[in-house]
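J.: Mind having a look at this structure? Questions to follow.
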Amino acid sequence: MEPLRSTDPARIAGYRVLGRLGAGGMGVVLLGRSPGGALVAIKLIRAEYADDSGFRARFRREVAIARQVRNRWAVPVVDADTEAPAPWLATEFVPGPALSEAVGSGGPLPERGVRALGSMLAEALEAVHTAGLVHRDVKPGNVLLGLDGPRLIDFGIARALDDTVLTATDVIVGSPGFLSPEQAQGRRIGPASDVFSLGCVLVYAATGGRPFGTGPVEAMLFRTVHDTADLSALPPGLLPVVEACLAKEPGDRPAAADIRQAFAEDLAGGSWLPGPVTHLIAERSARMLALPDIDATSLDAGAGDGPGGGPESGPFGGPDTGAGTEAGSGGRDTTAVSPSPGRRRFLAYVTGGVVLAAAGSTTAWLVSGGDKDPGGEGKGDDGKTARPELHIGLQADLSGPSAAIGKGQDRAARLAVAEHNARGDAPFTLRLTTVDDGGEEERAKAAVRRFAEDPLLVAAIGATGTDAAREALVAYDEAGLPLLSVVDGDIRHLNRIFLCARPRNDMQMLPVAEFLGAYEIDQVALVDDGTEYGRQTTRFLDAGLRGNGRTVFAETVREGTRDLDAEAERIAAKRPGAVVYGGGWRDAGRFAKSLTRAGFLGPKIATQAAHDPRFLAEAGEDAAGWLLVSTAADPASVPSVHPFAAAYRKRFDHAPPLFAAEAYDAVGLIASCAEKLGREKLTRQDLLPALRTTSYKGVSKSYAFESANGMYTGTGVFIYRVERGRFRYIGMNGREV
């Protein structure tokens, strides 16, 4: 990273600019930090381009289509302003080196690493091509290396397949030495061109050289079109796939999916990178921790009120780590807390945010006469609507794999609506529209279309399933309809209408980091299950721990692995001080049994995906003692949620499931925000910016968002220990109750 120049801005929107990452003909790339501490790479376009209406239209389109690429190995767009005087685009920042730097300084990657690289980059290209795009500039400099895998960056010259602006004859876009023959000749290109470029990248990764040599640009282009690639130094095991990628005719090359499948077996188990590159990534990550701290914020220093209260102790019964806590329904004044500089940087890196003060409790609604309007229809005794109506949508899985959670959210939302409508001072009547998406993508998009057709519907809550949420986001964006989710913490699901009303998947690991530090556990086994969720819950923790001098055994035990006993024995043989598992409840339960059989007696920690009664059933007595971090306030054991649980049980004759309290809070948050606006006629456009700048205290946690991207800024992580076959709540945000 280079220092800023006098012409560079100090801030862009809500982002503090920290330094320069690079520059090119179209503009400059800057490193920025959000108000919550998350690092982003910001591409700032030069003014001369911004003044061109044709360019601005293309840039607007580029941002829209770039948001459609959602893959774990493609760096996501997190924010943008296409209408600013100097338009800009922000993507997630990856602290690792580019492939060109890693190979240039440390030499070629081993064959297994190249095969893993090929599989993951092919998966990223598969997502690019599915979105109807061609990347056009796949090269080592556009591949950043992370501990869990590569990241394909720079969609700056990607265009839709039917875009004729950059597919005209004699126009060459890309990097010589990694271009396809058709690209070198200025012909129209398609996905097969990216496959050819990928083949060139794999040759470079395996040999340190380019398949068509070096020298003048004209000579490289000529050899690309007419000569056979030099693959003499390529390991024999890579030859068949790479040769197919480098076929001169586009129709003779494999699809990205074929490459992914050919190399897929090399993703399982152990680190995919050699030791020197792993150390380089850890060093780069540690350097990011030393960047200037985020502006001072407030953490609740109180104890004993709602979640997070209690004696000065660590998150799992150990010494206090000074993390602070977030107030629950009791509500205390907030005061500034100043943890040590090193720890403050680590918190900013791992969590990407800290808690803001919140207000507007809904606790009073729980004791109101909610039964006056059981259906939440908001009609008076004469059957006529007495107040203006405001509609809220709930997209939930009521009939699929997450039906238990979906039904609980539906009931909790209806309870909140009925209690709001029973208030005599409510300025408007709420009406809830619930649509069952069954956890399916197409039904999810159909739900959004139904919501969009209702002019009085100003916001939606959903969805229960991750796949349904991912597909629905594009439709919500097109409709300009704010979407608030209390379930989805996927860091890829960011766009202009989304509000993530829970800590991100990676952010839930903060109490784990505190625990490991409090008990000075220096050797940690981080186990992911090969899924995107597993990687997100372990990736930043991995880099942060290494950057703070700890030894990390990064293990991938793929979802559905049959012989978990062998994997558990292999991990236990490394003698880690603790095991952190970042997978789903089913394999977590099986893995718990295997760890017991392997004789591992140290701390065992799981994430929210295992905070499920089915984990307890699967693991049986081997679940005893497991620690779990979760963003869900368990109604059965979190004190601040007990009044809600009683009201829910009274109305529905059933105990509320996980995430029911959060759905109740979501309705309250939307209603509170609408009330503060004080407008008789409220539109979606009015509500979205207001939601992103509001703060609200619910029964489960406090809510606040980063105005730039809608991410939750609190810590809001609950800690549970499995005792006697149940989850016992023991603390929140690093404090024991």
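J.: Among strands (runs of 3 or more DSSP E) lying entirely in the stretch 601-712, which contain 3 or more residues that are crowded, with 20+ Cβ neighbours inside 10 Å? Don't jump to the end; show me each part of the working.
T.: Numbers: elements: 604-606, 627-630, 695-697, 702-704.
Ranges flagged: 604-606, 627-630, 702-704.
J.: What do you reckon, is ARG67 under 23 Å from the mean Cα position of the chain (by Cα) and of a type in the set (D, E, K, R)?
T.: It is true that ARG67 is under 23 Å from the mean Cα position of the chain (by Cα) and of a type in the set (D, E, K, R).
J.: Give the residues of the stretch 220-252 that are outside any loop (DSSP other than H, G, I, E, B), under 19 Å from ALA205 (Cα atoms) and of a type in the set (A, V, I, L, M, F, W, C), sorted by residue number. Working first, answer last.
T.: First, pick out the residues of the stretch 220-252 that are outside any loop (DSSP other than H, G, I, E, B): 220-226, 236-245, 250-252.
Subset that is under 19 Å from ALA205 (Cα atoms): 220, 224, 236-245.
Result: MET220, LEU238, LEU239, VAL241, VAL242, ALA244, CYS245.
This table checks each residue for (1) at pLDDT 90 or above; (2) hydroxyl-bearing (Ser, Thr, Tyr).
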{"site": "ALA257", "(1), (2)": "yes, no"}
{"site": "LEU267", "(1), (2)": "no, no"}
{"site": "PRO276", "(1), (2)": "no, no"}
{"site": "SER285", "(1), (2)": "no, yes"}
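J.: Can you give me the number of residues within the stretch 540-560 that are modelled with pLDDT under 85, touching a strand residue (DSSP E or B) at 6+ places or on another chain (Cβ under 8 Å) and closer than 23 Å to THR466 by Cβ?
T.: Of the residues in the stretch 540-560, 2 are modelled with pLDDT under 85, touching a strand residue (DSSP E or B) at 6+ places or on another chain (Cβ under 8 Å) and closer than 23 Å to THR466 by Cβ.
J.: Restricting to the stretch 713-730, count the residues that are in a loop (DSSP other than H, G, I, E, B) and touching a strand residue (DSSP E or B) at 6+ places or on another chain (Cβ under 7 Å).
T.: So the answer is 3.
J.: Suppose the filter is surrounded by fewer than 20 Cβ atoms within 10 Å (Cβ to Cβ), over 19 Å from ARG539 (Cβ atoms), of a type outside the set (D, E, K, R) and touching a strand residue (DSSP E or B) at 6+ places or on another chain (Cβ under 8 Å); does LEU44 pass it?
T.: No, not satisfied.
J.: Another question, then. Just to verify a result, which residue in the stretch 548-566, among those that are in contact with a Ser or Thr (Cβ under 7 Å, 6 or more places away or on another chain) and more than 12 Å from ALA525 (Cα to Cα), is surrounded by the most Cβ atoms within 10 Å (Cβ to Cβ)? Quick ask: steps written out before the conclusion?
T.: Just the residues of the stretch 548-566 that are in contact with a Ser or Thr (Cβ under 7 Å, 6 or more places away or on another chain), to begin with: 554, 559, 564-565.
When the remaining residues are screened for being more than 12 Å from ALA525 (Cα to Cα), the result is 559, 564-565.
Values: GLU559: 15, LEU564: 19, ASP565: 15.
Top of the filtered list is LEU564.
J.: Give just the number: which of (1) among the acidic types (Asp, Glu); (2) surrounded by fewer than 24 Cβ atoms within 10 Å (Cβ to Cβ); (3) closer than 27 Å to SER594 by Cβ does ASP529 not satisfy?
T.: (2)
J.: What are the pairs with Cβ atoms under 8 angstrom where one residue, in the stretch 214-228, is in the same structural domain as PRO176 (by TED's automatic domain parsing) and at pLDDT 90 or above and the other, located anywhere, is in a helix (DSSP H, G or I) and surrounded by 11 or more Cβ atoms within 10 Å (Cβ to Cβ)? Sequence gap at least six, or different chains.
T.: Final answer for the pair search is THR224/PRO181; THR224/ALA184; VAL225/PRO181; VAL225/ALA184.
J.: Specify the residue that is nearest to PRO635 (Cα to Cα); the eligible residues are those in the stretch 692-714 that are of a type outside the set (A, V, I, L, M, F, W, C) and touching a helix residue (DSSP H, G or I) at 6+ places or on another chain (Cβ under 6 Å).
T.: SER700
J.: Given (1) closer than 23 Å to ALA282 by Cβ; (2) assigned to a loop (DSSP other than H, G, I, E, B), identify the lone condition not met by SER6.
T.: Only one criterion is unmet by SER6, namely (1).
J.: Also: Could you pull out the residue among ARG558, ARG539 that is among the basic types (Lys, Arg), assigned by TED's automatic domain parsing to the domain that holds ALA610, assigned to a loop (DSSP other than H, G, I, E, B) and out of contact with any Phe, Trp or Tyr (no Cβ under 7 Å at 6 or more places or on another chain)?
T.: Result: ARG558 is the single residue among ARG558, ARG539 that is among the basic types (Lys, Arg), assigned by TED's automatic domain parsing to the domain that holds ALA610, assigned to a loop (DSSP other than H, G, I, E, B) and out of contact with any Phe, Trp or Tyr (no Cβ under 7 Å at 6 or more places or on another chain).
J.: Output the residues belonging to the stretch 414-450 that are assigned to a helix (DSSP H, G or I), more than 25 Å from the chain's Cα centre (by Cα) and not charged (D, E, K, R).
T.: Hits for the stretch 414-450 are LEU415, ALA416, VAL417, ALA418, HIS420, ASN421.
J.: Restricting to the stretch 527-560, count the residues that are within 21 Å of ALA38 (Cβ to Cβ) and hydrophobic (A, V, I, L, M, F, W, C).
T.: Residues flagged as within 21 Å of ALA38 (Cβ to Cβ) and hydrophobic (A, V, I, L, M, F, W, C) within the stretch 527-560 amount to 4.
J.: What tally of residues in the stretch 498-526 results from selecting those that are of a type in the set (A, V, I, L, M, F, W, C), buried (at least 24 other Cβ atoms within 10 Å of the Cβ) and in a loop (DSSP other than H, G, I, E, B)?
T.: Count: 1.
J.: When only residues in the stretch 451-483 that are modelled with pLDDT of 90 or more and among the small types (Gly, Ala, Ser) count, which is nearest to the chain's Cα centre (by Cα)?
T.: ALA460
J.: Restricting to the stretch 178-202, name every residue that is crowded, with 24+ Cβ neighbours inside 10 Å, more than 12 Å from ARG136 (Cβ to Cβ) and not hydrophobic (A, V, I, L, M, F, W, C).
T.: Hit for the stretch 178-202 is GLY199, nothing else.
J.: Taking the stated definitions as given, is THR713 farther than 22 Å from ASN505 by Cβ and either without any contact (Cβ under 8 Å) to a residue 60 or more places away in the chain or of a type in the set (Val, Ile, Thr) (or both)?
T.: no
J.: Right, here's the next one. Please verify whether the stretch 17-24 includes one or more residues that are out of contact with any Leu (no Cβ under 9 Å at 6 or more places or on another chain), in the same structural domain as LEU145 (by TED's automatic domain parsing) and either surrounded by fewer than 21 Cβ atoms within 10 Å (Cβ to Cβ) or at pLDDT below 80 (or both).
T.: No, the stretch 17-24 contains no residue that is out of contact with any Leu (no Cβ under 9 Å at 6 or more places or on another chain), in the same structural domain as LEU145 (by TED's automatic domain parsing) and either surrounded by fewer than 21 Cβ atoms within 10 Å (Cβ to Cβ) or at pLDDT below 80 (or both).
J.: If you don't mind, there's one more thing I want to ask. If you check every pair at least six apart or on different chains, which have Cβ atoms under 7 Å apart with a residue in the stretch 475-491 that is surrounded by fewer than 23 Cβ atoms within 10 Å (Cβ to Cβ) first and a residue that is assigned to a loop (DSSP other than H, G, I, E, B) and of a type in the set (Lys, Arg) second?
T.: ASP477/ARG496; ILE491/ARG504
J.: Look through PHE498, PHE515 and report the one residue that is under 24 Å from PHE659 (Cα atoms), aromatic (Phe, Trp, Tyr) and at pLDDT 85 or above.
T.: Only one candidate qualifies: PHE498.
J.: Residue by residue through the stretch 48-82, note down the ones that are acidic (Asp, Glu), in contact (Cβ under 8 Å) with a residue 24 or more places away in the chain and surrounded by fewer than 20 Cβ atoms within 10 Å (Cβ to Cβ).
T.: Answer for the stretch 48-82, where residues must be acidic (Asp, Glu), in contact (Cβ under 8 Å) with a residue 24 or more places away in the chain and surrounded by fewer than 20 Cβ atoms within 10 Å (Cβ to Cβ): just ASP81.
J.: Conditions: (1) within 19 Å of VAL69 (Cα to Cα); (2) crowded, with 20+ Cβ neighbours inside 10 Å; (3) modelled with pLDDT under 80. ILE157 meets all but one. Number of the miss?
T.: Condition not satisfied by ILE157: (2).
J.: Pull up the stretch 420-450, narrow it to residues that are in contact with a strand residue (DSSP E or B) (Cβ under 9 Å, 6 or more places away or on another chain) and acidic (Asp, Glu), then point me to the one that is surrounded by the fewest Cβ atoms within 10 Å (Cβ to Cβ).
T.: ASP436
The values are calculated or read from the model by the stated rules, or taken from the named source; none is laboratory data. In this text the structure is predicted, and so the values were computed from the model without any measurement. Neighbour counts run over all protein chains shown; Cβ positions are idealised from the backbone, glycine included.
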